[in-house]
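Here, each number is a calculation from the coordinates, and none is a lab measurement. Predicted model, so just to flag it, every value in this text is computed and none were measured. Cβ coordinates were reconstructed from backbone atoms using ideal geometry, including for glycine residues, and neighbour counts include every protein chain displayed.
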Amino acid sequence: MHSLRLHPRRRIGPVGAVDDVEVARPLGAIDRSVVIAVYVFLHRDTPLSRRDFHCGLRGFAKSAYERMHLRTTGMELASEMVVKATLLGMRIEEVPIVLHPDGRSRPPHLRSWRDGWRHLRFLLLYSPRWLYLYPGILLMAAGALIALWLLPRPRSVGGVTFDVQTLLYAGMAVLIGFQAVLFAIFTKVFAMNSGLLPEDRKLQTALRNVTLEGGLVVGALLFLFGLAGSLYAVDVWGHAGFGGLNPSQTLRTIVPSVVCLTLGCEIILSSFFLSVLGLQRR
């Protein structure tokens, strides 16, 4: 085991990787090694070189504690301290200590699933890019490309025909991906407002440039585009005497129209919500 000393100075020296360590009491179902691996993956661009950031024995200067503005109240406090110290550029030292049996006669208060999930959830909150943003962008891009590929006509690859059914799933991927991107922005702003993450100047600049009025205009345009497509589909249906239609043709109009209607509504609602979050940052 190692104790940590946090200093309000910048790190010096090379940066290494997080190694697996022997611990006194595992988390159980969500093991410490899993939590460490998730943290290393999500924050691999952050200079953190600690062997054991679960140890509860910490030493820190008062000025360092005041700068960190710690917010959590459970076992995730140990990781919040290390994460914030790293993000703030503090120097972190490990001091080897001897781990002795606690000698308690009662069972430990640790609950593996509850406390392990709280810990993992906290680490995910600290990386909205990998939890929401990048998967969302990937889903949106894949869905949009597949939809553009299928809009003109059915496609065949290796004897397998892709038609409007695949187009429908592509539209769903666009919607889910966009929702994930919105969650990334909401989570980042919430974490900054709550003091869980330091201020991000790039995001603040982007939010100042993306105004409520701009979001309403973009959302309204998408909504009107989807509404126009829907009315065109109704007109085609009317010319057919409101009877049966060829789904392979009509869904090529309906699916993009529904996607645009949904995206327009989401942009309008999210613009209002972001404006409310922005009031807390002023």
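Key figures for this structure:
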| item | result |
| --- | --- |
| In order through the range 218-225: 3J(HN,Hα) via Karplus (6.51 cos²θ - 1.76 cosθ + 1.60), integer Hz, x for Gly, Pro | 4, x, 5, 5, 5, 4, 5, 4 |
| ALA141 paired with ALA228, simple spin-label distance in nm, labels 7 Å along Cα-to-beta-carbon | 2.9 |
| Given charges at beta-carbon only (K, R positive; D, E negative), |dipole| of the range 154-282 in Debye | 400 |
| Farthest toward positive dipole pole in the range 128-281 [+1 Lys/Arg, -1 Asp/Glu at C-beta], among VAL189, SER156, ILE268 | VAL189 |
| Chymotrypsin sites (Phe, Trp or Tyr not before Pro) within the range 188-282, DSSP loop, no more than 10 other Cβ atoms inside 10 Å | PHE242 |
